[in-house]
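**Q** Structure incoming, see below.
Rule-based calculations on the coordinates, nothing more; no lab input. What you see is a predicted model; the values in this text were computed from it and never measured. Ideal geometry is used to build each Cβ from the backbone, glycine not excepted, and the neighbour counts take in all protein chains shown.
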């Protein structure tokens, strides 16, 4: 099996706090991989190590081996690495000074995914369609994100991440701050990407992980306590923490 | 627990106290503005268009004359001092925003604070010894040097706080799509902070237009000729106001009022223009 992400003995310290402890993880290529666990367990930190956004965290120190798309992520040029690894954040953060079109086009242009203006238009349309937003904004491409709803903004962020044609997509609780209707659309969009690229999704919702993910890892207090196929983990959880988490007791 | 009526009364009293306090604090400023505009506009009305194109009067002139040399001098000084002050201020603000924990950034911060408290007349003396003495001439350039130094801490502080107001999540978003640090700065952070940056430019501009002491030993006073040479002496509106307001001649006092009102109108007009031209970003 080929792996998009291979992590061994990963330890992360943030200003002396041991945020991730001896994490070992392999994410199969083309799969949707859910990372679950209580707040503060290190899920977002794990994503930020994969695309090196951890570099922005003051006082962060990373040890171990992290291979992303065959590259040693901790030694690679972070800007080059991020061109292959898209990310969507918990709070929708489209660029407020750019129009809907520009928000999507900027990542396609930056990453050399397009040549001509026509090609760019096609990529923007494809990304917005894949993010299930095209029908809602096709006549408002020149408007600003402040005129969209929270859920539409989050889907715009998905379109922005997709327009760069990433091989790996990191989703940090993508439906946490949006209404159920938008959450469903976003989830459908994510599910439609299965097989096309590798997705690592942090989520608090076991049902969502069960619906969408092929694999699940449970992280608790900076440690991966259990991981395997989502059926295995949800149907026969072997670790006490997983059992408690699924019952909503941790 | 206080009853609803008591809380409502307390709320009203608090609002009244705040409004009265604000009115008291703003009253002297409003008075100064009103007096300046009243006296200045009266002068301008009597002088007509000549106020903007004529040189100032002599003490016993029959006509009011104008402030053309000082006005052109001020604009020339502004043209020479604003770009370096705004550009350097922005560069320094970007630097300290990008490398907040570095020693160089701490040095810039301390330097900016220290520079704000340096009397601007000292900067004028520095300009005198560095530029006026070697060239043997007062000049707009020496004045612009002093004005740049005087306004730089203000432009830096304004730009720096504008950049700090940009939420960190936009930097993360930019990095996540493969933008480099500098592309992020110029394509994301600075455009998002553009309203604050425009206010910073305006603050710098008004500081440059209104500064008097920084010019005392630097520009000379080419009071009766419209200056066109940046390497030669110039006059400026604040210098003219300072000199004429202290003179014993009534005619000069009137010209000083007119010049003060003109300075005020230019500043307010530019302020209004910046609000119209630079649209804020709705986050």
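**Q** Sorting check: for B:225-231, A:64-70, which peptide has the highest mean count of neighbouring beta carbons within 10 Å, and how do the rest follow?
**A** Top of the packing list down: A:64-70, B:225-231.
**Q** Return the distance in nm (one decimal) between the two label points of a simple spin-label model at residue A:39 and residue B:45, each offset 7 Å from Cα along Cα→Cβ.
**A** Placing both labels 7 Å beyond Cα along the Cβ direction yields 6.5 nm.
**Q** Take every Cα pair under 8 Å in the range A:1-150 that's 6+ residues apart, average their separations, divide by the length, and report that relative contact order as a whole percent.
**A** Numbers: 178 pairs, mean separation 30.6, N = 150.
It comes to 20 percent, rounded to a whole number.
**Q** Sticking with this one: Hey, with R₀ at 25 Å, roughly what FRET efficiency would residue A:71 and residue B:99 work out to, going by the Cβ-Cβ distance, to 0.05?
**A** With R0 = 25 Å, the Cβ-Cβ based efficiency is 0.40.
**Q** Which shape class, rounded, prolate or oblate, goes with chain B when its Cα gyration tensor gives a ≥ b ≥ c as root eigenvalues, a/c under 1.5 marks rounded, and past that a/b bigger than b/c marks prolate?
**A** Values: a/c = 2.24, a/b = 1.27, b/c = 1.77.
Note, shape of chain B comes out oblate.
**Q** For the protein assembly as shown, which semi-axes, largest first and in whole Å, follow from the square roots of 5 times the eigenvalues of its Cα gyration tensor?
**A** Semi-axes (√(5λ), whole Å): 61, 26, 23.
**Q** Kindly express, to the nearest 10 degrees and within the range 0 to 90, the angle between helix B:194-210's C-alpha long axis and the longest C-alpha principal axis of chain B.
**A** 30 degrees
**Q** Working out 0.36 nm times the residue gap between residue B:225 and residue B:75, then minus their Cα-Cα distance, what length gain in nm do you get to one decimal? Mind showing how you got there, number by number?
**A** On the way: separation 150, 0.36 × 150 = 54.00 nm, distance 1.45 nm.
52.6 nm is the gain from fully extending residue B:225 to residue B:75.
**Q** Could you please state, rounded to a whole Å, how far the C-alpha centre of the range B:2-30 is from the C-alpha centre of the range B:90-109?
**A** Cα centroid of the range B:2-30 versus Cα centroid of the range B:90-109: 41 Å apart.
**Q** In the Gaussian network model of chain B, springs joining C-alpha atoms below 10 Å, which of B:133, B:16, B:255 carries the largest mean-square fluctuation?
**A** B:16
**Q** Now a separate question. Quantify how strongly other chains surround peptide A:78-91 by giving the mean number of their Cβ atoms within 10 Å of each of its Cβ atoms.
**A** Details: counts 4, 7, 2, 1, 7, 3, 1, 3, 3, 5, 2, 4, 1, 4.
Mean shielding by partner chains, rounded to a whole number: 3.
**Q** Round to the nearest 0.05 the FRET efficiency obtained for residue B:117 and residue A:149 when R0 = 35 Å and r is the Cβ-Cβ distance. Let's see the in-between values first.
**A** On the way: r = 49 Å, r/R0 = 1.41.
Between residue B:117 and residue A:149 the formula returns 0.10.
**Q** Moving on. Applying 1/(1 + (r/R0)^6) with R0 = 45 Å to the Cβ-Cβ distance of residue A:204 and residue B:13, what FRET efficiency is obtained, to the nearest 0.05?
**A** 0.45
**Q** Let me confirm one metric for peptide B:178-186, namely the mean number of other chain beta-carbon atoms within 10 Å of its residues' beta-carbons.
**A** Working: counts 16, 7, 6, 2, 0, 3, 1, 0, 0.
If you average over the peptide's residues, the count of other-chain Cβ atoms is 4.
**Q** Counting only other chains, what is the mean number of Cβ atoms within 10 angstrom of the Cβ of each residue in peptide A:98-110?
**A** 2
**Q** Output the 0 to 90 degree angle, nearest 10, between the alpha-carbon long axis of helix A:150-163 and the longest principal axis computed from the alpha carbons of chain A.
**A** Helix A:150-163 sits roughly 90 degrees off the main axis of chain A.
**Q** For the pair residue A:247 and residue A:125, how long in nm is the line joining their label points, each one 7 Å along Cα→Cβ?
**A** 5.4 nm
**Q** Something else now. Would you mind calculating the relative contact order of the range B:68-277 from Cα pairs under 8 angstrom and at least 6 residues apart, reporting the percent as a whole number? Don't skip to the end; give the middle numbers.
**A** Details: 301 pairs, mean separation 65.4, N = 210.
Result for the range B:68-277 is 31 percent.
**Q** What's the angle, to the nearest 10 degrees (0 to 90), between helix A:180-192's Cα axis and the longest principal axis of chain A?
**A** 80 degrees
**Q** Here is a further query. Under the rule of -39500 (n - 2.57) per DSSP H run of 4 or more residues, summed and divided by the residues of chain B, what mean residue ellipticity at 222 nm is obtained, to the nearest 500 deg cm²/dmol?
**A** Value at 222 nm, helices only: -23000 deg cm²/dmol.
**Q** With the crude spin-label approximation of a point 7 Å out along Cα→Cβ, what separation in nm comes out for residue B:268 versus residue A:231?
**A** 7.7 nm
**Q** Sticking with this structure for a sec: Could you tell me the distance between the Cα centroids of the range B:118-180 and the range B:65-86, to the nearest Å?
**A** 17 Å
**Q** While we're here: Gap in Å between the Cα centre of the range B:212-236 and the Cα centre of the range A:11-55?
**A** After rounding, the separation between the Cα centres reads 64 Å.
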